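Every number here is computed from the coordinates shown, using simple stated rules; none is lab data. Computed from a predicted structure; not experimentally measured. Cβ sites come from the backbone with ideal geometry, for glycine too, and all protein chains shown count toward neighbours.
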Amino acid sequence: MSNRQNRMLMLAPSIAIGVFVPAAALLEMRSGLDAIMGTIIVLAALLVAGGLGVVGLAMTTTAEQERGSSYETARTLRASQRAMLEEMDDVVALLEEIRDALKGPEGD
């Protein structure tokens, strides 16, 4: 899932709460909900929606940073593996030379 899709997925609940709860409270205020109670509900819904939006964006940003750091970790591990394999190739060549030197001339 792309970065933009993740952000929209995290922001969707906050947008829904920020739009639909105040709209429902305003409709209920017409049919008998007290104005003070309606105002409290609308403000609480907007605060919760804002909080959810901030937390959602923080979570997507943190997830992106973790993906980036895991990529860097994988690159570092691959580089160290390559270096270790090159060193092992050198060790194998050195051991072959030692083996050949220890065998000596077989004609003697």
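For region 16-55, the set of residues classified as over 30 Å from N6 (Cβ atoms) and not hydrophobic (A, V, I, L, M, F, W, C) consists of E28, R30, S31, G32, D34, G38, T39, listed by residue number. If we scan region 86-97, do we find a residue that is in contact with a Ser or Thr (Cβ under 9 Å, 6 or more places away or on another chain), surrounded by 10 or more Cβ atoms within 10 Å (Cβ to Cβ) and in a helix (DSSP H, G or I)? No, region 86-97 contains no residue that is in contact with a Ser or Thr (Cβ under 9 Å, 6 or more places away or on another chain), surrounded by 10 or more Cβ atoms within 10 Å (Cβ to Cβ) and in a helix (DSSP H, G or I). Give region 30-50 a look and list any residue that's in contact (Cβ under 8 Å) with a residue 12 or more places away in the chain and out of contact with any Asp or Glu (no Cβ under 8 Å at 6 or more places or on another chain), or say none. I41, V42, A45, L46, V48, A49, G50, listed by residue number.
The C-beta contact set for region 10-29 (first residue β-branched (V, I, T), second residue surrounded by fewer than 17 Cβ atoms within 10 Å (Cβ to Cβ), distance under 7 angstrom, 6+ apart or interchain) comprises I17/V48.
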